[in-house]
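Written below as structure tokens is the structure these notes are about.
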Amino acid sequence: MNAEQKRAWLAVGSMVAVAIAYFVMLPFLGPRASLSAFALFGVNGIAPLIGRKEHLDERDRSIVRLATGIGAMCSYLGFYAATMGVWIVVFAVQRERSVSVHVFPTMAIVAGMVPLILGRAIVVLVLYGRHTEASDV
């Protein structure tokens with residue numbers, strides 16, 4: 001297992017920890033305070049320290065490049081869906097003319113950062129999991 005796979009597993013594991021903490025805190029603290037569980041996702045800040053002396057070959061670089069691009073696309077789509085969701089809920093359903101300022105930092109973390117890191121991690125794990133073996137022809 002190389003450093004990129006270890007970083008990807010760290011991202012997936014931290015997201016599982018976030019989900020568990022969120023759903024454990026939800027009945028006791030409510031949905032707004034339970035969002036603090038996303039602070040556990042900050043563990044991914046140590047990811048650059050994992051295997052930093054390891055060198056990447058061409059295949060590794062292409063996988064990392066593709067995974068980062070797909071992660072950025074996931075982030076863009078997540079942020080777009082979140083802003084449209086806020087617009088639908090606040091303006092169309094509740095008929096209000098303003099949005100609470102507490103919505104935007106939450107949206108930036110939940111809909112921006114999490115899809116970027118998690119999407120990248122999943123793509124890295126999928127692409128490294130594919131084995132290319134020579135056929136016996």
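The values are calculated or read from the model by the stated rules, or taken from the named source; none is laboratory data. All of these numbers come straight from a predicted model, not from anything done at the bench. Neighbour counts are summed over all protein chains in view; Cβ atoms, including those assigned to glycine, are modelled from backbone coordinates with ideal geometry.
Quick one: is SER98 polar (S, T, N, Q) and surrounded by 12 or more Cβ atoms within 10 Å (Cβ to Cβ)?
Spelling it out, it is not the case that SER98 is polar (S, T, N, Q) and surrounded by 12 or more Cβ atoms within 10 Å (Cβ to Cβ).
The single residue among MET25, MET15 that is of a type in the set (A, V, I, L, M, F, W, C), in a helix (DSSP H, G or I), modelled with pLDDT of 90 or more and under 18 Å from VAL123 (Cβ atoms) turns out to be MET15. One residue is enough: does region 60-79 have a residue meeting the conditions surrounded by fewer than 12 Cβ atoms within 10 Å (Cβ to Cβ) and more than 16 Å from VAL124 (Cα to Cα)? Checked against the condition, which is being surrounded by fewer than 12 Cβ atoms within 10 Å (Cβ to Cβ) and more than 16 Å from VAL124 (Cα to Cα), region 60-79 yields no hits at all. Exactly one residue among ILE88, ILE20 is part of a helix (DSSP H, G or I) and at pLDDT 95 or above, and that residue is ILE20.
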